[in-house]
1. Give the residues of the range 25-62 that are closer than 10 Å to residue 141 by Cα and among the polar types (S, T, N, Q), sorted by residue number.
2. Among the residues that make up the range 19-29, is at least one of them free of Cβ contacts under 8 Å to residues at least 24 places away in the same chain, assigned to a helix (DSSP H, G or I) and loosely packed, with under 15 Cβ neighbours inside 10 Å?
3. Can you pull out every residue in the range 1-15 that is in contact with a Pro (Cβ under 7 Å, 6 or more places away or on another chain), over 15 Å from residue 75 (Cα atoms) and not basic (Lys, Arg)?
4. List every residue pair whose Cβ atoms lie under 8 Å apart, where the two residues are 6 or more positions apart in sequence or sit on different chains, the first residue falls within the range 96-117 and is without any contact (Cβ under 8 Å) to a residue 40 or more places away in the chain, and the second residue, located anywhere, is outside any helix (DSSP H, G or I) and exposed (fewer than 13 other Cβ atoms within 10 Å of the Cβ).
5. Is it true that residue 182 is assigned to a helix (DSSP H, G or I), out of contact with any Lys or Arg (no Cβ under 7 Å at 6 or more places or on another chain), in contact (Cβ under 8 Å) with a residue 12 or more places away in the chain and crowded, with 18+ Cβ neighbours inside 10 Å?
6. Looking only at residues that are out of contact with any helix residue (DSSP H, G or I) (no Cβ under 9 Å at 6 or more places or on another chain) and not in a helix (DSSP H, G or I) in the range 93-107, which one is surrounded by the fewest Cβ atoms within 10 Å (Cβ to Cβ)?
Amino acid sequence: MGLLALSTTELLDRFASVDPTPGGGSAAALAGATAAALVTMVCRMPKTRTGDPRERGRLDEALAQATEVGRRLRALVDEDSAAYEAVMAAYRLPKATDEEKATRKRAIDAAVSLATDVPLRTAEACTTVLGTAAFAANDGNPNALSDARTAATLAWAGLKGAAENVRINLAGSADPSPMRSRIESLERAAGETLGALGLTPAGPRATGGS
């Protein structure tokens, strides 16, 4: 049974258990998938910000993107857990002989590579969701602005969580620079989008007081 087939309580209990999976990578994908669902909701509302037909066009495009990337993120919830379980299985392989050691090393390298690629794809997907949340916030029903901003915040959390999983898996990489650069680029782009919405990674941007 896939993780998303569980009840909410069961899923949270799985995250709370001492088992290593599901862990942070699956939680990051779940945050992104939840963000995409919120964007989808806002974009489906018949009312736009001002009633301008161009707003409806942008919302329809954001809806299509959020729907597609949301499906990917839902799948990544389980893919991340499976990838880490493969890493653990590789480390449990026998290593009594030189041949077994070589086989084990190849298995570990392949499993860690996959366990790095999966959260990278999660980070990329969350960046896309954040972009669609910006359209939902700027063009959507003003009454749903908080929903769009919540989606943006969740997408940012998913991106950052996925980025942490990428970085930890790069520790043993022979050449981690390209993937680290990719993650940093995603974080910069997402940070700019978040800032344009009046949010920062630390929370709402200060607007002054009375």
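1. Result: 48, 50.
2. no
3. Correct list: 15 only.
4. 100/94; 104/94
5. Taking the combined requirement at face value, the residue does not satisfy it.
6. Checked the range 93-107; the qualifying residue surrounded by the fewest Cβ atoms within 10 Å (Cβ to Cβ) is 96.
Every residue, every condition in (1) in contact with an Asp or Glu (Cβ under 7 Å, 6 or more places away or on another chain); (2) surrounded by fewer than 24 Cβ atoms within 10 Å (Cβ to Cβ); (3) modelled with pLDDT under 95; (4) closer than 23 Å to residue 39 by Cα, yes or no:
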| position | (1), (2), (3), (4) |
| --- | --- |
| 109 | no, yes, yes, no |
| 133 | no, no, no, yes |
| 136 | no, no, no, yes |
| 142 | no, yes, no, yes |
| 151 | no, no, no, yes |
| 165 | no, no, no, no |
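Residue-by-condition table, conditions (1) of a type in the set (Asp, Glu); (2) more than 17 Å from residue 157 (Cβ to Cβ); (3) crowded, with 17+ Cβ neighbours inside 10 Å; (4) at pLDDT 95 or above:
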residue	(1), (2), (3), (4)
32	no, no, yes, yes
42	no, yes, yes, yes
55	yes, yes, yes, yes
61	yes, yes, no, yes
64	no, yes, no, yes
67	no, yes, no, yes
76	no, no, yes, yes
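The values are calculated or read from the model by the stated rules, or taken from the named source; none is laboratory data. Model, not experiment: these values are computed from the prediction. A quick note on method: Cβ atoms are made from the backbone with ideal geometry, for glycine too, and the neighbour counts reach across all protein chains shown.
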